[in-house]
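Novice: Dumping the structure here so I can ask a few things about it.
The values are calculated or read from the model by the stated rules, or taken from the named source; none is laboratory data. For clarity, every value in this text was computed on a predicted model and none was experimentally measured. Don't worry about glycine lacking a Cβ; one is built from the backbone with ideal geometry, like all the others, and counts go over all protein chains shown.
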């Protein structure tokens, strides 16, 4: 009999906890939707575009990357490994491997001023390294950072200038 009472009391307790949780979630959602600075619960495509335009680093198209390639106030930064960079990279680019960022950032800082425009790139659309590197550089203090997600693959497909070591 005590065991049945225990289970009945336990079930009542669980029901009450679920009710309280549901009511709390509903109140939180209502308050969040009323607040002018409430948290966005669902990202809309226009919000993503707005975030991309207002964040410190931006996606750049191949057309814009081509236009910026020979400018003196722009530097291309290859986020791939040293081996990949040495084999082939966009002409004039420097290498800052995303996976070795911490050990290479001091050297990078001594070469690249904060007022220069930086375009990060990696292998291609499926490669996240350019985005990660752009994010790190922005949070490190660089304000004009772009990531070229089409990467070296698209650059070569358009027969654009590369430095290549075929040894």
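Novice: Would you say residue 135 is surrounded by 15 or more Cβ atoms within 10 Å (Cβ to Cβ) and in a helix (DSSP H, G or I)?
Specialist: Considered against the rule, which asks whether it is surrounded by 15 or more Cβ atoms within 10 Å (Cβ to Cβ) and in a helix (DSSP H, G or I), residue 135 comes out as yes.
Novice: Is it true that some residue in segment 56-67 is modelled with pLDDT of 85 or more, in contact with a strand residue (DSSP E or B) (Cβ under 7 Å, 6 or more places away or on another chain) and in a loop (DSSP other than H, G, I, E, B)?
Specialist: Taking every residue of segment 56-67 in turn, at least one turns out to be modelled with pLDDT of 85 or more, in contact with a strand residue (DSSP E or B) (Cβ under 7 Å, 6 or more places away or on another chain) and in a loop (DSSP other than H, G, I, E, B).
Novice: Could you identify the single residue in 118, 75 that is within 16 Å of the chain's Cα centre (by Cα) and surrounded by 14 or more Cβ atoms within 10 Å (Cβ to Cβ)?
Specialist: Sole residue among the options that is within 16 Å of the chain's Cα centre (by Cα) and surrounded by 14 or more Cβ atoms within 10 Å (Cβ to Cβ): 118.
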